[in-house]
1. Answer yes or no: is there a residue in segment 70-83 that is β-branched (Val, Ile, Thr), over 17 Å from PHE153 (Cα atoms) and out of contact with any Pro (no Cβ under 7 Å at 6 or more places or on another chain).
2. Check segment 159-168 and report whether any residue there is surrounded by 18 or more Cβ atoms within 10 Å (Cβ to Cβ), modelled with pLDDT under 95 and part of a helix (DSSP H, G or I).
3. Examine segment 126-144 for a residue that is basic (Lys, Arg) and under 22 Å from THR27 (Cα atoms), and state whether such a residue exists.
4. Any idea which residue in segment 146-158 is surrounded by the most Cβ atoms within 10 Å (Cβ to Cβ), counting only those that are farther than 17 Å from VAL83 by Cα and small (Gly, Ala, Ser)?
5. Working only within segment 1-51, note down all residues that are part of a strand (DSSP E or B) and touching a residue at least 40 places away in the same chain (Cβ under 8 Å).
6. May I ask you to verify whether GLU60 is free of Cβ contacts under 8 Å to residues at least 24 places away in the same chain and surrounded by fewer than 15 Cβ atoms within 10 Å (Cβ to Cβ)?
7. For segment 104-120, enumerate the residues that are of a type outside the set (Gly, Ala, Ser), out of contact with any strand residue (DSSP E or B) (no Cβ under 6 Å at 6 or more places or on another chain) and over 21 Å from ALA41 (Cβ atoms).
8. On the given criteria, is LEU124 at pLDDT below 95 and either closer than 14 Å to TRP94 by Cβ or small (Gly, Ala, Ser) (or both)?
Amino acid sequence: MAQDRSLTGVERFFDDDEIIVSKTDLTGRITYANNVFLRLAGMTEAEAMGQPHSCIRNPEMPRAVFKLLWDTIQAGKEIFAYVVNRSKNGDHYWVLAHVTPSFDASGQVVGYHSNRRTPDRKVLETVIIPLYKQLLAIEKSHSNSKEGMNASFNTLVKLLKEKGVSYDEFIFSL
């Protein structure tokens, strides 16, 4: 799906009692999206199905956090993470995501499932947004995007090691 990749600077919100839900296959292509997802993403169901979940990736979201997320779920574990997404029209919205692998009856990972809730605004403004800006600046400081992502990822891992916590523990301590 072709999209204008510009950002509007307009933030979208959803209610505390709403949950954004999506499912993907093993390659990250959307196989299910609930109405809250579709509304915030500004997409129809037909537009969303089969698209890579990265179609809502906001360029202000550090790639290092997505690397951590994918490393975790591909290892068969769940993860909680603050994520800023991009709507089709360039608006953005923050979520606290809970991403888990989906298993078949024999225990094989067959896809991924994500529930997103409204994030804690104070945590966003005092910790997450400044951290993500720092990680993004590290990524952009490298001419090679892979090197930038790895440098940013190493910074994140170092922060967690200094605090003596896993990423989930860090998120829940905020």
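The values are calculated or read from the model by the stated rules, or taken from the named source; none is laboratory data. From a predicted model like this one, the values you see are computed outputs, not experimental measurements. With ideal geometry, Cβ positions are generated from the backbone for all residues, glycine too; neighbour counts draw on all protein chains shown.
1. no
2. Yes.
3. no
4. Across segment 146-158, the extreme among qualifying residues is GLY148.
5. Once the filter is applied, which keeps residues that are part of a strand (DSSP E or B) and touching a residue at least 40 places away in the same chain (Cβ under 8 Å), segment 1-51 yields GLU11, ILE20, VAL21, SER22, LYS23, THR24, THR31.
6. No, not satisfied.
7. Those that are of a type outside the set (Gly, Ala, Ser), out of contact with any strand residue (DSSP E or B) (no Cβ under 6 Å at 6 or more places or on another chain) and over 21 Å from ALA41 (Cβ atoms): GLN108, ASP120.
8. no
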